[in-house]
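Trainee: The structure follows.
The values are calculated or read from the model by the stated rules, or taken from the named source; none is laboratory data. In this text the structure is predicted, and so the values were computed from the model without any measurement. So basically every Cβ, Gly included, is an ideal-geometry build from the backbone, and we count neighbours across all protein chains shown.
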Amino acid sequence: MPGSVLLTLVLPPRKPGQVRILQSTFHYEVPGGAESTVACDLAVDYTLDRTLTSKRNGRVMNLVDQVSIAKLQAKAEEELKAGNVDRATRLLGNALQGTQRMGNVKATQALAGLLDQIKKTQTLQTKAAKTTLLQAQAVVRKTQMLDPEALKDFQKSD
């Protein structure tokens, strides 16, 4: 089970004020303990105050960046398999910039290696390219706080 869940919601415009957008009940079990239930509401504060709308939660933005990088990498792999090398290269370049911005050195190095391999071979068909791809996938996922199984669901939601 992932430690974090990221939902992307597109909400309609509203007048300023607080609006409840979600009511939920979570059922969970702690190993060795009894099942528990927690109810929670999620409310959004609509505002016209630009100083409030520009505030960001660092942890949430980090998760958003990680999901975006995983999606870019997955899309690049699809493009490569379809023979769209230029598009795949651009997508991997964007993913690389994301890992650099986040300061994820290992993922940056892995993606840079994959990008170099693709530029040399123009494909994923060579054994070296396939090995580099698998290594890059493993490094990117290991260095992320997200559960790899959860990432698969995010990649499908495009």
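Trainee: Mind telling me which of the residues L52, L114 ends up being assigned to a helix (DSSP H, G or I) and crowded, with 21+ Cβ neighbours inside 10 Å?
Mentor: On inspection, the qualifying residue turns out to be L114.
Trainee: Okay, next question. Looking at the structure I just gave you, is G83 assigned to a loop (DSSP other than H, G, I, E, B) and farther than 30 Å from V19 by Cβ?
Mentor: Yes.
Trainee: Can I ask one more? From the list K119, K81, K75, K55, which one is modelled with pLDDT of 85 or more and on the phi < 0 side of the Ramachandran plot?
Mentor: That would be K75, the only listed residue that is modelled with pLDDT of 85 or more and on the phi < 0 side of the Ramachandran plot.
Trainee: State whether one or more residues within segment 68-76 are out of contact with any strand residue (DSSP E or B) (no Cβ under 8 Å at 6 or more places or on another chain), part of a helix (DSSP H, G or I) and over 25 Å from T8 (Cα atoms).
Mentor: For segment 68-76, residues out of contact with any strand residue (DSSP E or B) (no Cβ under 8 Å at 6 or more places or on another chain), part of a helix (DSSP H, G or I) and over 25 Å from T8 (Cα atoms): absent.
Trainee: Inspect segment 10-18 for any residue being closer than 26 Å to K71 by Cα, in contact (Cβ under 8 Å) with a residue 12 or more places away in the chain and part of a loop (DSSP other than H, G, I, E, B) and give the result as yes or no.
Mentor: Yes, segment 10-18 contains at least one residue that is closer than 26 Å to K71 by Cα, in contact (Cβ under 8 Å) with a residue 12 or more places away in the chain and part of a loop (DSSP other than H, G, I, E, B).
Trainee: Sticking with this structure for a sec: Answer yes if at least one residue in segment 99-108 is modelled with pLDDT of 90 or more, assigned by TED's automatic domain parsing to the domain that holds Q122 and basic (K, R), and no otherwise.
Mentor: No, because not a single residue in segment 99-108 is modelled with pLDDT of 90 or more, assigned by TED's automatic domain parsing to the domain that holds Q122 and basic (K, R).
Trainee: Against the conditions (1) in contact with a strand residue (DSSP E or B) (Cβ under 6 Å, 6 or more places away or on another chain); (2) among the hydrophobic types (A, V, I, L, M, F, W, C); (3) touching a residue at least 60 places away in the same chain (Cβ under 8 Å), where does L22 fall short? Just the number, please.
Mentor: Failed condition: (3).
Trainee: When you go through (1) in contact with a strand residue (DSSP E or B) (Cβ under 7 Å, 6 or more places away or on another chain); (2) within 28 Å of G113 (Cα to Cα) one by one for H27, which number turns out not to apply?
Mentor: H27 satisfies every listed condition except (2).
Trainee: Let me ask you something else. Which pairs turn up if I take residues in segment 62-75 that are under 10 Å from G98 (Cα atoms) and look for partners that are among the hydroxyl-bearing types (S, T, Y) with beta carbon separation below 7 Å, at least 6 apart in sequence or on another chain?
Mentor: So the pair list comes out as I69/T99.
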